[in-house]
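Below is one structure, written out as structure tokens; comments come after it.
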Amino acid sequence: MSLKDIIAPFSVWKRVFEKPYTNKKPIDTRPGAPRYRGFHVNDLDTCIGCGTCEEICQNAAIDMVPVRETRHGDSGLRPKMDYGRCCWCALCVDICPSGSLGMSNEYLWVDEDPEVFRFIPGQDGKPWNDSELGYRRAEGYDLLEGSRVPMPMLSVQESQKSFVEMVQGYSKEQAKAEADRCIACGICVATCPAHMRVPEYIKAIRDDDMGEGLKIVYQANPLPASCGRVCSHACEYVCAMKHKGEAISIRWLKRYIVDQIYLGDYANILHECEPDNGKKVAIIGSGPGGLSAAYYLRLLGYAVTIYDANEKAGGMLRYGIPEYRLPYDQVEKDIEFIASLGVEFRQNVRIGIDVDFLEVYDNNDAVFFSTGLSNPFGLDIAGEDLPGVVSGLDLLADVTNGKTPDIGSSVVVVGGGNVAMDAARTSRRYGADVTILYRRRETDMPADSEEIHEARGEGCEIVVQAIPLRIEKGTETRLMLYWGKAEMVSDGPGKRPRPVLIEGSEEVIACDTVIPAIGQAADLTFLPQDIASGLVGKRGYVEVDEFHRTPVAKIYAGGDIANPKRDAISAIANGHSAAKGIDIYLGNFQN
Amino acid sequence: MVEMAKYDPRDKFPPVDAGSGKSVYNLHSGKYMKVWQGPQHPGITGNMSLELTVCGDEIIDCKTHVGYLHRGFEKLMERRRYIQCFPLVCRICVPEPDFNEYLFAEGVEELAGIEVPEKARWYRALTLEMARLASFMMWIGGQAAAFGMGTIGQWTVTMRDYVLDLFEELSGGRIYHMYIIPGGVRADLPIGFALRVEQTLEQIGKVLDDVELALMHNAVFKKRALGLGVITPSMVDEYGITGPNARGSGIRRDIRKDNPYLVYDQLEFSIVTETGGDAYARTWVRLRETRQSIDLIRQMLEKMPTSGPFFQKLPNVLHWKIPAGQTYRKAECTRGEYGFFMVSDGTELPRRIYVRGPSYTHAVTLMEKLAVNVNIADTAGLMVSLHTYPPEIER
Amino acid sequence: MATERQERTMQEVNDSGLVGDRPAGLKFVHVEADQAVAYITRLRDVQGYTHLVFFTAIDYIEDSLFRLTYMVHNYDSRQDMGVQVDIPRQGASMESIHHLWPHAATYQRELKEMFGIDFPGSPGVDDSFILEGWTGISPMRREFDTRQYSEQTYFPRPGRVTHDTAAYMKENLYPSEAETW
């Protein structure tokens, strides 16, 4: 014990006159740090109600409650926080795909009523709602992957040389990596016209359970090999991951599942048909609508016969979509399974000519027709009947039937839809120079943007705001197409602008072939006149109710003739609804 | 003149059984009293209680009761996905939550085969050293206050508060940082962070000088702490003693040197030891280690890379399956060897995560042994000198 | 006899080419229950593994066994060694090691309380360690369902209701029977 030990402790006195460390009024003067994890803020307009925040919260502190209107791509639910359970870890902020959820740096909230601490951030007016500071997910740290696994594809230079399929398909590793990106929110299910249970079959890919995946797919869609290649994938446009980066490749993941299983093994995996119930159904048109109705009716035990005017089944899938997009053997795979269940196919049979409609009508307990749109619209200009003018559908059908089309070395395609793109790219593959004329702007073109992009990549020249005027015989080439420039005139707010021909502007293109592809109309001439008149409703569609029953007894309809969406998956969904409707109507449906 | 026999108050103490080292006594003899120190007691770190059997005011038997802070972490984690366990683990230990986060992240990374970027490893080491600093600050306050010197406690807790301010700026939380995540860290250093850290370190350095003067050269402290709770070198392995408790008895062991993790093999520091083995020696060890932490933080700020990623992308954490395996990761926290034993079974949920806290051995078996023949007044000082912290005992 | 699953786990541990900071000296060995204490004594006395790091158990309910894990550390070679012993879940019991390390008694006390593994002779093994007045089954056993327990014992906060995104969208956007596949 030295003297130092007795005196040294008195050194604490030197702090007697020091300023205290504490703030006198901390509550007013001490804001949280810029990154402080304080109370939640949420941009209700950006939020899509996917529920991933609820999924990751390990305290079960978040409920999804209805706040906004439900729309495609937005469930209308918004997160409601329970601050009795929240631990402010900010994992919900980190994982939010749309980035709407954040945290302010506010940390003081005093109230007598405990119920106010369960609140919907962004909705109730809280003082911290507009706070700029607070925790946000840092750049360089991300729990989700925004970039898609790139799909191996032939380059446009390579692809345009032949009809080999352009998209090559995912490998197992790639498929699993892409499937891993899915957050299983389920927003896509409502947008798919067939309401396929997408998150579930994506999970089957993660678990490498192809049998389970196939079962889930077939529950809503019996043509997955085709849809997995050409579906218009409305689901991908509303995918939650689109807000983060790129949508999950839902279509190609579906293709992956189907590609893994041999046709011969389907029977072991998929449901068996119910025993025959003695009822018969006739289906007219073996396109996606008819095939889907046939499949589901057959599963329910009906005897199904499909009548189709073409040589082979498949409808537009085979005759309208070129091989480099949808190879014929894949269409065959889908159709053969349906046929193997016992569905009878009568190809090359035209109703009204080879077989009387009323005979079919009387011999069956119900009739479903989805005959599609097979009458192309004409251009309504002079010279349309000259040799060298061939409609898009006719060209594509010829190619499907194995005939080399006589298109010469230069082609002009008129139109901006998928048929126009298909016709243009097919012509390229036969070595022609292709120009595409469309009367509106490129943003108005109804074709898939991938199609337009690939058409351009393959060398097709796209000319927009061009209105064809007349066709004349050409000198060095077979034809001369005269067209005029159009200007877009506003038709009023909310409507798309109209193209109006600029008087006096006239251009000419010398070409060997002109291919009009400006849309098609339905051909209902196979029906007797009195029935046909009872069917067609407003705007040229066949009138149907939710079960796709027409006003005429026993007749059901679906597909392009009955719905405005006009794609394969809608036709498939229609076929399924009609099958259900027929089942209910024929009294077999057990509730 | 009659020779009076020397009166030794210890004559009334019960005999000690040589085998178990425990006193043999009859509670109903009226000579003894049971006193509960805790669970709410200023002299207890955290929430724990000591059931003391005293004879007069000397302890003859001590039994530690834990369980007041049992929150069932290990069972909770068996039901949560790995990313959902991440916000849980830091709550196991309040003074240094980052060690939990770090060990959990390391365990997951090892089992899943993820390599963390270099910059993230430096940030993790920086966070760990800052956590050590904050924890020591709190401890110094506790040790001084246990002997009645509350002033020193007020200084050091303030300094700890400044370190917590730094954490708030870095991670968004003061106590539960949730900053070290499997894959790296959650954010980069804010702009100007190094400067503010340096300012705080300077302040802390000055306070430590004052503390050393007022505490270590203090007649009262010396009288009470010298000879209190002597740990002999042979007891160290027998009782599973790690950390400054062992180093106070001259045992040169430090996980940062012996089994280096993160970037400690690139830093210069030496193992701090003392030879007394008593509370006074342990206080010296910890004071020196606090200065060592300050020095390490300065070294790190100088040597760390300034560019590069700080996070390695993980597979989708919502359905992340980690291959089956098991591992044990450990780190040197202020109290000793802190470890996470993790077992995965190939599913999304962990099979078993066991947290090995240093206080498990210090607060129960060791305390019960050292408390014998200690004055009641000194129990608090003894307990704090072992730097025990109950949550890691009962998790 | 190790089951296939145990073999797989051990094999994976041995084979796994793990990237990242693998601690330099960590090994796991599998020992039969009747030889375990002798093995550990030998590790401590002869091979220098003087420090008992921890002692815990893993519940493999599907295989009906507890895997006890003794982790010992050698300060000279700086190696950690995890000695793993499988014991059956029914009537689980193991020889005590409190004579090797006094603090092992605490670990054994916790294992008895949490898993129901008995260590006959261990001082204070039947004293409650963490829980007070608990009369149910040992809580760390996997058959103890914490969720079920909390639902039976406590009530949820009134007024909390949540919605599943896909189901809610279905109700609002396509409720009709026609589209319910």
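Looking at the protein assembly as shown, send over the antiparallel percent of its DSSP beta bridges, to the nearest 5. So the antiparallel bridges amount to about 70 percent of the total. From least to most packed, judged by other beta carbons within 10 angstrom and beginning with the fewest, B:Thr127, B:Thr151 follow the order B:Thr151, B:Thr127.
Give A:Lys203/B:Lys313; B:Lys75/B:Lys369; A:Lys24/B:Lys206 a once-over and call out the pairs whose C-alpha atoms are over 26 Å from each other. From A:Lys203/B:Lys313; B:Lys75/B:Lys369; A:Lys24/B:Lys206, over 26 Å: B:Lys75/B:Lys369. Placing pseudo-labels 7 Å out from each Cα toward the beta carbon at B:Leu267 and A:Lys403 gives an inter-label distance of 8.2 nm.
The Cα atoms of segment A:263-332 give a gyration tensor whose axes a ≥ b ≥ c have a/c of 1.5 or more with a/b no greater than b/c, which makes the shape oblate.
With a Förster radius of 51 Å applied to the C-beta separation of A:Asn375 and A:Ala60, the computed FRET efficiency comes to 0.30.
Shape call for the protein assembly as shown from the C-alpha gyration tensor, a ≥ b ≥ c root eigenvalues: rounded (a/c under 1.5), prolate (a/b greater than b/c) or oblate? Because a/c hits 1.5 or more and a/b exceeds b/c, the protein assembly as shown counts as prolate. With a simple spin-label model that places each label point 7 Å from the Cα along the Cα-to-Cβ direction, the separation between A:Asn277 and A:Ser490 comes to 5.7 nm. Per-residue ellipticity at 222 nm, computed for chain A from helices alone with -39500 (n - 2.57) per DSSP H run of at least four residues, works out to -8000 deg cm²/dmol. Applying the criteria of a DSSP loop state and at most 14 other Cβ atoms within 10 Å to the chymotrypsin sites (Phe, Trp or Tyr not before Pro) of segment A:88-194 yields A:Trp109. Below 12 angstrom from the Cβ of A:Pro224, what's the summed charge of the other residues (Lys, Arg +1; Asp, Glu -1)? Summing Lys and Arg as +1 and Asp and Glu as -1 gives +4. For chain A, a/c is not less than 1.5, where a ≥ b ≥ c are the root eigenvalues of the C-alpha gyration tensor, and a/b tops b/c. That puts it in the prolate class. Taking each residue in A:46-55, count the Cβ atoms of any other chain within 10 Å of its Cβ, then average. What number comes out? The shielding value for this peptide is 2. Of all aspartates and glutamates in the structure, the ones whose alpha carbon falls short of 19 Å from that of A:Lys485, not counting any fewer than 8 places away in one chain, are A:Asp380, A:Glu442, A:Asp444, A:Glu461, A:Glu472, A:Glu503, A:Glu506, A:Glu507. Counting neighbouring Cβ atoms within 10 Å and putting the fewest first, the residues B:Leu126, A:Leu341 line up as A:Leu341, B:Leu126. Note on A:Glu503/A:Arg346: beta-carbon distance plugged into 1/(1 + (r/R0)^6) with R0 of 60 Å gives a FRET efficiency of 0.65.
Take each residue of peptide B:214-222, count the partner chain Cβ atoms within 10 Å of its Cβ, and average: the result is 5. On the basis of the beta-carbon distance and an R0 of 56 Å, C:Asp34 and B:Lys222 show a calculated FRET efficiency of 0.55. Legend: mean number of C-beta atoms from other chains within 10 angstrom of residue C-beta atoms, peptide A:134-144, equals 6.
Report the antiparallel proportion of the DSSP beta bridges in chain A as a percent, rounded to a multiple of 5. The antiparallel fraction comes to roughly 50 percent.
Computed log10 I(q)/I(0) for segment B:73-357 at 0.09, 0.10, 0.12, 0.13 Å⁻¹: -0.44, -0.54, -0.78, -0.90, from the Debye equation with unit scatterers placed on every C-alpha and solvent omitted.
Scoring A:220-228, A:204-212 by mean Cβ neighbours within 10 Å over their residues and listing the highest first yields A:220-228, A:204-212. Note on C:Arg67, A:Arg229: ascending count of other Cβ atoms within 10 Å places them as C:Arg67, A:Arg229, the fewest first. What would the Debye formula give as log10 I(q)/I(0) at q = 0.10, 0.13, 0.14, 0.21 Å⁻¹ for the alpha-carbon point model of segment A:1-106, no solvent? Summing over Cα pairs of segment A:1-106 leads to -0.47, -0.60, -0.65, -1.08. Summed over qualifying helices (DSSP H, 4 residues or more, each -39500 (n - 2.57)) and divided by its residue number, chain B shows a 222 nm mean residue ellipticity of -12500 deg cm²/dmol.
Here, each number is a calculation from the coordinates, and none is a lab measurement. What you are looking at is a predicted structure, and each value in this text was computed from that prediction instead of being measured. Cβ coordinates were reconstructed from backbone atoms using ideal geometry, including for glycine residues, and neighbour counts include every protein chain displayed.
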